[in-house]
Amino acid sequence: MRGFHNFYKLGIPPKIVGILSLMEGWEFKACHVVGLYGRYGRKVIIACFVSAVLASVGFPQVFAASDALSSSSMDKAAMFILKDVLEVNLSRYHFDVRYTPIGTYLGLPEESVIYTHESGGEIAEFCFTFTDGKLRSINALVTGGLRPLFFVESELDAAKRFLEKCGAQLGAEHFKLMRSMLDHVKPKENVTLFSGNLKFTAQHGKVRSLDRGVEVILDFTEYRWTYVANGAEAPLKCVAIYFEQGLLGYFIDMWDIYRIGSEKIEISREKAVEIAMEEAQRAYFRVYSGNETWIEVSGFRAIGVNWTSLMFTNHPSSVGARGSDPLTLYPIWRVNVYFDRLYPGNIYGASVAMWADTGELCEIQPLYIMGSLFNNEAVKSEPPQTASTMK
């Protein structure tokens, strides 16, 4: 992830940095995020992060989807959500409106409309991002003295209202089951529930944040719905509503933008571990040894596994994606194997990935003493093949 060291120096969470690096056009988003972080702090990072990552509810005919949604259609959608869902008094507070240039999200056209209210040096900003003509995310930033104007008494009630009104107005059928699951949740309760292909988690806690350079501790609440099938979770295919100190932080909907290409799990965990151990011992890696020279390291002895994961995913580019479609997700096993000792290049193990529905090996990457190094074009496996794609 070249170019992201400045993010870490700013204290931006690694998860956010990592996911930003997967997005097309991340260089622009990265510069935008760094600039905003310096001005407003962590809260804007959440907003920009969600804007870069998250995804899609289809509008009914009144908000018809198109390759590039008209400004008036985006305005109608945004104003409905501000006024009728978030209950913002638009007649009392003046909002400036601006539009971002049309970009892309994994090949889909994307544009945002941003509503900004400023008063006495404080700011309230709501960003609505539309991808392929559909609402992709809502992100909110409210600073200091303006917070009481947008405060919600109950995050749980606000989430229920959000799903009810948006579901009815936007024709989001998948919101119905999600809304019904909230009837089994108590305020401020941490809980995980399952219903069909839905996994629901309610999480409450405290988070460190910055408000114009001053560190504060804030309460947060997140409600998240994720697609699951046969024991595998699809983190990208999700809906989430996040509140911070009684204020909406973001809403995201990736449910319709991602598809599931296969739910079959033909490879058991035991078989995945067996394959990973064998492939890790057969692998060889080229590592940089200084003075612009590289050496090949091989002959590894795998002695155990310290982590396994089963999830739906795909490579975030059409070039490397299985089926050349990064928006279609498939089940994958990832197994981290550790070796008997530290090898040249500080290699202590290997991360092996294989498709759980076919057993086909799709990636082997070295694990270093300081973490895992991904997207290394020099990484190879035996028999020789490039292990940087997920085909």
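A single entry from F150, F175 fulfils the requirement of being surrounded by 16 or more Cβ atoms within 10 Å (Cβ to Cβ) and in contact with a Gly (Cβ under 6 Å, 6 or more places away or on another chain): F175. Against the list (1) crowded, with 23+ Cβ neighbours inside 10 Å; (2) within 28 Å of K199 (Cβ to Cβ), the condition E164 fails is (1). Just one of the listed residues (Y105, Y115, Y93, Y99) is touching a Cys at 6+ places or on another chain (Cβ under 9 Å), touching a residue at least 24 places away in the same chain (Cβ under 8 Å) and assigned by TED's automatic domain parsing to the domain that holds L236, and it is Y115. Checked against the criterion of being outside any strand (DSSP E or B), among the aliphatic types (A, V, I, L, M) and in contact with a Phe, Trp or Tyr (Cβ under 7 Å, 6 or more places away or on another chain), the stretch 233-242 has no qualifying residue.
For the stretch 121-129, the criterion of being at pLDDT below 95 and more than 20 Å from Y93 (Cβ to Cβ) is satisfied by at least one residue.
Here Y330 fulfils each of the conditions (1) modelled with pLDDT under 95; (2) among the hydroxyl-bearing types (S, T, Y); (3) closer than 20 Å to G231 by Cβ apart from (1). All of (1) surrounded by 13 or more Cβ atoms within 10 Å (Cβ to Cβ); (2) at pLDDT below 95; (3) closer than 21 Å to P344 by Cβ hold for Q281 with one exception: (2). Against the conditions (1) at pLDDT 90 or above; (2) out of contact with any strand residue (DSSP E or B) (no Cβ under 6 Å at 6 or more places or on another chain); (3) not basic (K, R), S70 satisfies every one except (1).
Residue count for the stretch 364-391, restricted to those that are in a loop (DSSP other than H, G, I, E, B), crowded, with 18+ Cβ neighbours inside 10 Å and modelled with pLDDT of 50 or more: 1. For the stretch 315-333, the set of residues classified as buried (at least 17 other Cβ atoms within 10 Å of the Cβ), closer than 29 Å to V305 by Cβ and either among the β-branched types (V, I, T) or under 18 Å from the mean Cα position of the chain (by Cα) (or both) consists of H315, P316, A321, P326, L329, Y330, P331, I332, listed by residue number. Taking the conditions (1) at pLDDT below 95; (2) out of contact with any Lys or Arg (no Cβ under 9 Å at 6 or more places or on another chain) in turn, M181 satisfies each one other than (1). Within the stretch 130-156, being within 22 Å of H94 (Cβ to Cβ) and either assigned by TED's automatic domain parsing to the domain that holds L327 or not in a loop (DSSP other than H, G, I, E, B) (or both) holds for I138, N139, A140, L141, V142, G144, G145, L146, R147, P148, L149, F150. Within the stretch 198-227, the residues that satisfy the criterion of being without any contact (Cβ under 8 Å) to a residue 60 or more places away in the chain and farther than 27 Å from E122 by Cβ are L198, K199, F200, T201, A202, Q203, R224, W225, T226.
Quick check on my filter: what residues within the stretch 194-219 are in contact with a Lys or Arg (Cβ under 9 Å, 6 or more places away or on another chain) and either assigned by TED's automatic domain parsing to the domain that holds F312 or modelled with pLDDT under 95 (or both)? Once the filter is applied, which keeps residues that are in contact with a Lys or Arg (Cβ under 9 Å, 6 or more places away or on another chain) and either assigned by TED's automatic domain parsing to the domain that holds F312 or modelled with pLDDT under 95 (or both), the stretch 194-219 yields V207, R208, S209, L210, D211, R212, E215, V216, I217, L218, D219. Looking only at the stretch 241-278, residues that are crowded, with 21+ Cβ neighbours inside 10 Å, of a type in the set (G, A, S) and under 25 Å from I114 (Cα atoms) come to 1 in all. Considering every residue within the stretch 126-141, establish whether at least one is within 25 Å of the chain's Cα centre (by Cα), surrounded by fewer than 21 Cβ atoms within 10 Å (Cβ to Cβ) and either more than 26 Å from L177 (Cα to Cα) or touching a residue at least 12 places away in the same chain (Cβ under 8 Å) (or both). There is no residue in the stretch 126-141 that is within 25 Å of the chain's Cα centre (by Cα), surrounded by fewer than 21 Cβ atoms within 10 Å (Cβ to Cβ) and either more than 26 Å from L177 (Cα to Cα) or touching a residue at least 12 places away in the same chain (Cβ under 8 Å) (or both).
The values are calculated or read from the model by the stated rules, or taken from the named source; none is laboratory data. On a predicted model such as this, the values are computed, not experimentally measured, just so you know. Backbone-built Cβ (ideal geometry, glycine too); neighbour counts: all protein chains shown.
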